[in-house]
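Novice: Starting off with a structure, shown below.
The values are calculated or read from the model by the stated rules, or taken from the named source; none is laboratory data. Everything numeric here is computed off the predicted structure, so don't read it as measured data. Don't worry about glycine lacking a Cβ; one is built from the backbone with ideal geometry, like all the others, and counts go over all protein chains shown. Accessible surface is based on the protein model in full, side chains and every heavy atom, while ligands, DNA and RNA are left aside. Shrake-Rupley method; radii C 1.70, N 1.55, O 1.52, S 1.80 Å.
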Amino acid sequence: QVQLVESGGDLVQPGGSLRLSCAASGIIFSSYAMDWYRQAPGKQRELVAGITTNYLTNYAESVKGRFTISRDNVKKTVYLQMNSLRPEDTAVYYCNANYRNYKYWGQGTQVTVSA
């Protein structure tokens, strides 16, 4: 059974930092590209950052220079370090694992940026 479990979401003030984690089980983690998405109320889910099996990364323009995605294949975990957070970063953040036709989602973790 495949499970992706996100954690680390919280309420944080503007300019603050958070680190999200997504622990995977039931998959050969090193074979999967891993992505972080987010969905704000009333908006579509959007790709925030991705990391390939070869550790190549890509970011949405809105988070470049502020967010960093990384992975630990031994711990089967992908991380999203978020710095200089803004109110517009408020959303539910979802972890996604994908490999060929296989795509799995976590349940999401809430990030709220507010004074």
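Novice: Direction-averaged shadow area of the convex hull around the Cα atoms of region 1-92, nm²? Let's see the in-between values first.
Specialist: Working: hull surface 24.4 nm².
Value for region 1-92: 6.1 nm².
Novice: Carbon-plus-sulfur fraction of the accessible area of region 54-94, 1.4 Å probe, in percent?
Specialist: Details: 1090 of 2210 Å².
With neighbouring chains kept in place, the figure for region 54-94 is 50 percent.
Novice: Related question: Could you work out the local net charge near residue 40, counting Lys and Arg as +1, Asp and Glu as -1, over the other residues with Cβ closer than 10 Å to its Cβ?
Specialist: Details: positive: 38, 43, 45; negative: 46, 88, 89.
Net local charge, residue 40 excluded: 0.
Novice: Can you give the net charge of the other residues whose Cβ lies under 15 Å from the Cβ of residue 106, counting K and R as +1 and D and E as -1? Numbers along the way, then the final one.
Specialist: Numbers: positive: 38, 45, 71, 76, 103; negative: 6, 35.
Overall, the nearby charge balance is +3.
Novice: Also, quick follow-up: What percentages, rounded to whole numbers, describe P(r) for region 72-115 computed over all alpha carbon pairs with 5 Å bin width beginning at zero?
Specialist: Percent of Cα pairs in each bin: 5, 16, 21, 22, 16, 11, 6, 1, 0.
Novice: Another question, if that's okay. Report the label-to-label distance for residue 74 and residue 98 in nanometres (one decimal), using points 7 Å from each Cα along the Cα→Cβ vector.
Specialist: Result for the modelled spin labels: 3.0 nm.
Novice: As a test, work out the antiparallel percent of DSSP beta bridges whose residues both lie in the chain, rounded to the nearest 5.
Specialist: Numbers: 39 of 41 bridges.
Antiparallel: roughly 95 percent of the beta bridges in the chain.
Novice: Given 0.36 nm per residue, what is the gain on full extension from residue 88 to residue 3 after removing their alpha carbon distance, in nm?
Specialist: Values: separation 85, 0.36 × 85 = 30.60 nm, distance 2.85 nm.
Full-extension gain reported as 27.8 nm.
Novice: Related question: Quick one, can you get me the convex hull of the C-alpha atoms of region 55-95 expressed as volume per residue in Å³? Kindly include the intermediate steps, with their values, before the conclusion.
Specialist: Working: hull volume 3.3 nm³, N = 41.
Taking the convex hull of the Cα positions in region 55-95, it is 79 Å³ per residue.
Novice: Go from 0 up to the bin containing the longest alpha carbon distance in region 1-42, width 5 Å each, and give me the % of pairs per bin.
Specialist: 5, 15, 23, 22, 16, 9, 7, 2
Novice: To the nearest 20 debye, what is the magnitude of the charge dipole of the chain about its Cα centre, counting +1 on the Cβ of each Lys and Arg and -1 on the Cβ of each Asp and Glu?
Specialist: Values: 12 positive and 8 negative charges, 43 e Å.
Approximately 200 debye in magnitude.
Novice: In whole angstrom, how far apart do the alpha carbon centroids of region 1-21 and region 44-115 sit?
Specialist: 9
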